[in-house]
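The values are calculated or read from the model by the stated rules, or taken from the named source; none is laboratory data. Keep in mind the model is a prediction, meaning the values are calculated, not measured. Cβ: placed from backbone, ideal geometry, glycine included. Neighbour counts: every protein chain shown.
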Amino acid sequence: MSKIIGAVEIGTSQAKVLIGEVSESQKLSFVGISNRANEGMRKGEILDFRSVASCVHSAIEAAEKMSGTTIDSIYLAQTGTHLQGMVLRGSANVSSSDGRVTLADLQRAADEARRRQPADGRSYVHHVRMPILLDGRPVEDPVGLIGQKVELIYWSIDGENAAIQKNLDVASSYSLDIDDLILSSVASSTIVAGQDLRRAGALVIDMGAGVTDIALFRHGNLAYTGVISVGGDHVTGDLSMGLRVHEPYAEELKLEYGKALPDEADSSEEVWIIGNQTIGDRKVTRKAITDIIHVRIVELFEIISKELGELLDPKEMGGGVILTGGASKLPGIEVVASKVLGVPVRKGNFPVGISPEIAKPENASVLGLLHYALEDQGLPGESKKETSLLGKIGGLLGM
């Protein structure tokens, strides 16, 4: 029997809902998608709860109407500058008399790794497991193997309770259960960077409206995540100030004439700022637009380069840098990124079979949510129900 699952991304500019149907053979089909303009967010965080809740609920209703189904629970994307990542480690001695590893050994190691608590007022939202080590060597599934010590390592992300709670309340106010909270950058990476790229070493940069999410992979494993408080809206703001025009017009100029990499031809091309050629409208060169955009885009990639530091090692980046998200659609942006980061950069592609109406950079995160949810993220032999993080989050937040 098939199962209906939902994914929700509460973005700075839009709330997006994607509904999928999972067959008995675990094949995923997308049956409904909707988005609504969001005005209650800033840099990935909720400022106006009522406005955001209304926007998300409207998007859910539209997606359900399109699919002809209803959803009872969702996977919810998480982003925002309040999120922080750290490495957690735990180990356990093999307890069986014959020296064979059991699930109980793995569970003790996992419990020890997660024993370290975040600072007051913060809770974990996502644990991403790295390979299990058996006597120091990585193994996919050590259960049944002979050894003395197992070690588990997690890249664990925590966030502010207040920010997490607002996201949970948006869903609960619509009587929806949350199957799991998933980091936006991890979700995006799942859909645009396959296992081969992650094994080769890759950096996924998801450029949203309010923030830019990054996820770095080493040897197929997540090595670092971060949230940069610069996104496409900042480019629009720069244009608004630099050209002395209201932001809605600045956004239109960015979408129609914007480029990340200026060229000489831009100096001779003139465009109307408002476009209706009425009183107050005026012409500017396209170069004036592209120069402003270029400065902000260069700054963004310089911030990313500084944050990653030595982690941005070209020798460990065989898969290169992959750009996705709505702001990544600017022409020439991959050239600018490559010059700043010193690593080959390309725009992300989506797996074959996703319709062009859905397979868009701005949908990377919500698409990745459902794909990530289908992957087995737990310990070998452990059910998905046992690995859910929501119970732990709920407990910490007093739900």
Any idea which residue in segment 296-313 is farthest from PHE217 (Cα to Cα), counting only those that are out of contact with any strand residue (DSSP E or B) (no Cβ under 7 Å at 6 or more places or on another chain) and charged (D, E, K, R)?
ARG296
Regarding THR324, is this residue crowded, with 17+ Cβ neighbours inside 10 Å, within 26 Å of the chain's Cα centre (by Cα) and of a type in the set (Ser, Thr, Tyr)?
yes
Filter segment 68-81 for residues that are of a type in the set (Gly, Ala, Ser) and crowded, with 22+ Cβ neighbours inside 10 Å; the one that is nearest to the chain's Cα centre (by Cα) is ALA77
Of all residues being without any contact (Cβ under 8 Å) to a residue 40 or more places away in the chain and polar (S, T, N, Q) in segment 1-53, which is surrounded by the fewest Cβ atoms within 10 Å (Cβ to Cβ)? Just the residue, please.
SER25
For residues that are assigned to a helix (DSSP H, G or I) and either surrounded by fewer than 24 Cβ atoms within 10 Å (Cβ to Cβ) or in contact with a Phe, Trp or Tyr (Cβ under 8 Å, 6 or more places away or on another chain) (or both), tally how many sit in segment 199-232.
2
Of the criteria (1) of a type outside the set (S, T, N, Q); (2) touching a strand residue (DSSP E or B) at 6+ places or on another chain (Cβ under 7 Å); (3) surrounded by 21 or more Cβ atoms within 10 Å (Cβ to Cβ), which one ILE293 fails
(2)
Selected residue (only one of HIS246, HIS219 is at pLDDT below 95 and either of a type in the set (Val, Ile, Thr) or within 23 Å of ALA113 (Cβ to Cβ) (or both)):
HIS219
Flag for SER172 being without any contact (Cβ under 8 Å) to a residue 12 or more places away in the chain and either among the acidic types (Asp, Glu) or closer than 27 Å to VAL52 by Cα (or both):
yes
